[in-house]
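Right, one structure below, let's go through it.
The values are calculated or read from the model by the stated rules, or taken from the named source; none is laboratory data. Treat the numbers as computed from the prediction; the structure is a model and nothing was measured. With ideal geometry, Cβ positions are generated from the backbone for all residues, glycine too; neighbour counts draw on all protein chains shown.
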């Protein structure tokens, strides 16, 4: 709920959807708040499978990926310029990345770390 309050105060634009990058508490832990706010949630199908095993609520929608790693468009409707990619196992077996087409903006989540990180 804190992130939603921050968005309201600082950005003041509606949140249409949320793409969760993997099934760890720091990413999927706020699903109840997103759902209560009426925000559509999406995650890798594997993340949604793992969430209950990790004691978390799954996203409402499951994303599937083509052999080249890009999200199957049918599972990502209304994503506009968002580009979702599954690079394969990294930080977790289910981690995905999200970028904004036409910009230099990409969110790698916990997949991207400093070379000195443990």
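A compact table of results
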quantity: Helices (runs of 4 or more DSSP H) completely within segment 1-82 that count 3 or more residues being in contact (Cβ under 8 Å) with a residue 12 or more places away in the chain; calculated: 25-28, 31-36, 45-50
quantity: Options 59, 45, 40; residue that is surrounded by 14 or more Cβ atoms within 10 Å (Cβ to Cβ), farther than 21 Å from residue 110 by Cβ and touching a strand residue (DSSP E or B) at 6+ places or on another chain (Cβ under 7 Å); calculated: 40
quantity: Count of residues meeting criterion [outside any strand (DSSP E or B) and either within 25 Å of residue 58 (Cβ to Cβ) or touching a residue at least 60 places away in the same chain (Cβ under 8 Å) (or both)] in segment 83-118; calculated: 16
quantity: Condition met for residue 1 (surrounded by 11 or more Cβ atoms within 10 Å (Cβ to Cβ), out of contact with any strand residue (DSSP E or B) (no Cβ under 7 Å at 6 or more places or on another chain), closer than 11 Å to residue 59 by Cα and modelled with pLDDT under 90); calculated: no
quantity: The one condition in (1) crowded, with 20+ Cβ neighbours inside 10 Å; (2) out of contact with any strand residue (DSSP E or B) (no Cβ under 8 Å at 6 or more places or on another chain) that residue 10 fails to fulfil; calculated: (1)
quantity: The listed residue being surrounded by fewer than 16 Cβ atoms within 10 Å (Cβ to Cβ) and more than 13 Å from the chain's Cα centre (by Cα), out of 25, 53; calculated: 53
